[in-house]
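Remarks on the structure that follows.
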Amino acid sequence: RFGIEVDDGWFHILDDLCAFLSGIEKMERIALRKKTLSDWAVKLHMAARRRQGLGPPTTWWYRPIKTVTLRGPKVALVQVKEKFGTLRVYYDLDWSASASAEDLRKIPKKEFERFKELVRCKLSGAIAYAEFLSSRTCEICGEIGFPHTKFGWRKTLCRRLGEDMGYTPSDPLDL
């Protein structure tokens, strides 16, 4: 693993991002168990009992549809670095603790895939927002910053540090 390779100015951005990522691990979603033939038989039997004005059966074979709790993945930051004057975050997801293999067999595969896609969208959005904030924040001191260049190298710096280090302000749209 590479670790964190950025200056202190982006600490508050990374701190907020890590707090969000730890919330992803605590995220839960309830998924309905797959319906089997016996579930449909019970449903038909219950409909017939309702038509006859009877309540639910009290026999041992009646099983309501159960739910499975899916938990968010463990998020590991593989690399955090500065590239072209903005923050770059690379991560890995470990879904092994999300649900047991037995529970995953009980729910439709599409349900788990939808949950995974929801998690990926939330992560991508949070990381994109952190990258956006880094393009407006000085990498060194954390003040309001904007892109600067020096010998083709781009950095996001505040006006004072940009002048002190010999960088010239550049157009943010000029890559």
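Laboratory data are not the source of any read-out in this text; all were calculated from the coordinates shown. Note that the coordinates shown come from a computational prediction; the quantities given were computed from them, not determined experimentally. No Cβ is skipped: glycine too gets one built from the backbone with ideal geometry, and neighbour counts run over all protein chains shown.
Annotation: amide H of G145 within the under-5 Å range of T137, C138, sequence separation 5 or more or interchain, hydrogens built in the peptide plane. If R0 is 22 Å, the Cβ-Cβ spacing of S96 and I4 corresponds to a FRET efficiency of close to 0.35. The HN-Hα couplings worked out from phi for the range 128-141 by the Karplus form 6.51 cos²θ - 1.76 cosθ + 1.60 (θ = phi - 60°) are 4, 5, 4, 5, 4, 4, 5, 6, 10, 10, 4, 5, 9, 10 Hz, whole numbers, x standing for Gly and Pro. 3J(HN,Hα) along the range 88-103: 10, 10, 10, 9, 10, 10, 10, 8, 4, 8, 5, 7, 5, 4, 5, 5 Hz, from the Karplus curve 6.51 cos²θ - 1.76 cosθ + 1.60 with θ = phi - 60°, whole Hz, x for Gly and Pro.
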